[in-house]
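The values are calculated or read from the model by the stated rules, or taken from the named source; none is laboratory data. Just so you know, these numbers come straight off a predicted model, no measurement behind them. Please note: Cβ atoms are built from the backbone with ideal geometry, for glycine as well, and neighbour counts cover all protein chains shown. Just the protein is used for accessible areas: all its heavy atoms, side chains included, with ligands, DNA and RNA removed. Shrake-Rupley method; radii C 1.70, N 1.55, O 1.52, S 1.80 Å.
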Amino acid sequence: MRQTGQMAKSKKNKSSDYSVADALRVPQGPVRVEDFAPGATPAYPGKGKDDAPDQMAEMAPELSDLQERLYAAGRDNEQAPRLLLMLQGLDTSGKGGVIRHAVGMVDPQGIDLTAFKVPTAEERAHHYLWRIRKALPGPGMIGIFDRSHYEDVLVVRVDELVAAEEIPKRFDEINAFEAELADQGITMIKCFLNVSRDEQKERLLERLADPEKYWKYNPGDVDVRNKWADYMDAYSDVLTRCNTEIAPWYVIPADKKWYRNWAVARLMVEHLRALDLGWPAADFDVESEIAQVNAS
Ligand code: AMP
Ligand code: MG
């Protein structure tokens, strides 16, 4: 299995010494979801669950600073970079948990969150990328997609909502679309939250055992669960066919919630770091402004 390798402890401790992006990026070529271990914790620098809150806390100031630089860059520059985090995964894989715990670490003013549901009548009247284009983040913003255009080659394929021969055409179309986004300065982080079938069962039963969690349960979830093998085929094709250099997939092991949340936060840090953002220079004379404020 991939993602089971452990680095020597001494090498894991400095934040600049490891790359979660390198550890979780899907290699080019044919892959299967089953190649990836849902319970693994690749590149995690601590010991485990107990120190996860400390690891998150340690990352928070840098993530916040990087996001603020991005936001500042976008204030009056249409060409400023943008980040787009796409979250895909089956029910209970933790898309909501990632949004609460990882995305929740940054200033909400810089976040543009969209959850994609069953298309409305209006959305169905348009090309499937229409609603996606409308939801793209503006300059300096971090867009979060809770589900995405990948539903149009996942649930749509499994439930046979379009003809089978349409799906490979959509893979090509999605690759071309994402290349266009990259050209517009959008850095994409595509995450597949990889929960195991056993862990999903536990989480669904937890929801059914607790009246405070009934709202999270949807009787349709068990129908999706019963099509598990079809979803694994569909996801394996997505990870193989839409895994490009400019928009690679990351498989996030999702059986351990603490690792899943940490890994996605860390991916945001690493991608923001790579943008190498400074602070916008003043477009006014600082000395003269100081003098004017002092005199006011
Ligand atoms: P949830 O994310 O749990 O609120 O559920 C949203 C539901 O919308 C899921 O069952 C998705 O499979 C479904 N969905 C999202 N996008 C599409 C789409 N393009 N076509 C059909 N169903 C979709
Ligand atoms: Mg759901």
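Figures for the structure shown
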{"read-out": "Residue check, Val162 surrounded by fewer than 22 Cβ atoms within 10 Å (Cβ to Cβ) and within 16 Å of ligand 2 (Cβ to nearest atom)", "value": "no"}
{"read-out": "Pair list, Cβ < 7 Å and 6+ apart or interchain, from the range 50-65 residues that are more than 21 Å from Ile142 (Cα to Cα) to residues that are open to solvent by less than 30 Å² (accessible area, probe 1.4 Å) and part of a helix (DSSP H, G or I)", "value": "Ala52/Trp262; Gln55/Trp262"}
{"read-out": "Within the range 77-146, strands (runs of 3 or more DSSP E) holding 2 or more residues that are open to solvent by 30 Å² or more (accessible area, probe 1.4 Å)", "value": "111-115"}
{"read-out": "Matching helices (runs of 4 or more DSSP H) fully within the range 193-296 where at least 1 residues are away from ligand 2 (no atom under 15 Å from the Cβ), at pLDDT 95 or above and surrounded by fewer than 17 Cβ atoms within 10 Å (Cβ to Cβ)", "value": "197-209, 228-241, 257-275, 286-295"}
{"read-out": "Lone qualifier among Leu267, Leu239, Leu204, Leu208 - being within 26 Å of Gly138 (Cα to Cα) and aliphatic (A, V, I, L, M)", "value": "Leu267"}
{"read-out": "Hits in the range 59-111 (condition: within 16 Å of ligand 1 (Cβ to nearest atom) and of a type in the set (Val, Ile, Thr))", "value": "Thr92, Val98, Ile99, Val103"}
